[in-house]
1. If I compute solvent accessible area with a 1.4 Å probe over the protein chains, what percent of it on region 28-138 is carbon and sulfur?
2. Just grab the label-to-label distance for T96 and L169, each label 7 Å out from Cα along the Cβ direction, in nm (one decimal).
3. Around S55, which amide H atoms from residues at least 5 apart in sequence, or from another chain, sit under 5 Å from its own amide H, with H modelled in the peptide plane?
4. Once the whole set of protein chains is in place, how much accessible area is left on R138, using a 1.4 Å probe, in Å² to the nearest 10?
5. Find how much the distance from E142 to V155 grows on full extension, using 0.36 nm per residue of separation minus their present alpha carbon separation; answer in nm with one decimal.
6. Of the cross-linked pairs K109/K174; K113/K190; K67/K190; K35/K67; K72/K107; K11/K35, which ones have a Cα-Cα span greater than 31 Å in the structure shown?
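The values are calculated or read from the model by the stated rules, or taken from the named source; none is laboratory data. As the structure is a computational prediction, the values presented were derived from the model and not from experiment. Here the Cβ positions follow ideal geometry from the backbone for every residue, glycine too, while neighbour counts run over all protein chains shown. All accessible areas refer to the heavy atoms of the entire protein, side chains included, with ligands and DNA or RNA removed. Shrake-Rupley method; radii C 1.70, N 1.55, O 1.52, S 1.80 Å.
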Amino acid sequence: MADSSFDVVSKVDRQEVDNALNQAAKEIGQRFDFKGTGASIRWSGENGVEIAANSDDRVRAVLDVFKERLVKRQVSLKALDHGDPQPAAGGTARLTVTIRQGIDDDKAKAIVKRIKADGPKGVQSQVQGDMVRVSTRRGTVELSARQDDAVPDGVVFIPFAYVEAAANLLTNPKLDPFGKIPEFKFCAAKVEAVEPVREAAE
């Protein structure tokens, strides 16, 4: 009987966040209470949002508009990480909001620890990492990475039985001419993070 498994994933749909940000920016540009305040909201990097205005109060008001738009697009506000508005040049105020993607290492380790302590007997858990792209001169696969202390630094190990990303696509397919068995599969490889796909807003 095959083992059952499931993944615990915490991921935000960036396209929905982008739609909410654009809608918030449009509303801010049209509302009378934001006129003359220099209020703005824009992306700052891949998972950062920068809010600016002429006062802390107006920055918080922009944040409230952004949150309302996120809720309407069914994006959890738990994905937002921010502090208080900070002073900026020209007597203005700024606030950087981080969009959390994934489960941070500490929380993931706490989940694993809790499962081992309180979960049913025989249940196993492990922390998976971000998606990476592994490329060689023969091909490319994308798969979820995880750190393993048993693997030396500078080495990438991929099980050949990993059906979601067949490692044999990256290595020499030739067989030994006498024994008709494959050679030990090893080759130089490049590893890079897989960037989220951006789609045009409707």
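1. Details: 3500 of 7330 Å².
The C+S portion of the solvent-accessible surface of region 28-138 is 48 percent.
2. Here the modelled spin labels are 3.7 nm apart.
3. Amide H neighbours of S55: A93.
4. Surface accessible to solvent at R138 totals approximately 100 Å².
5. Length gained, E142 through V155: 3.0 nm.
6. Numbers: K109/K174 41 Å; K113/K190 33 Å; K67/K190 39 Å; K35/K67 20 Å; K72/K107 27 Å; K11/K35 35 Å.
In this structure, K109/K174; K113/K190; K67/K190; K11/K35 exceed 31 Å between Cα atoms.
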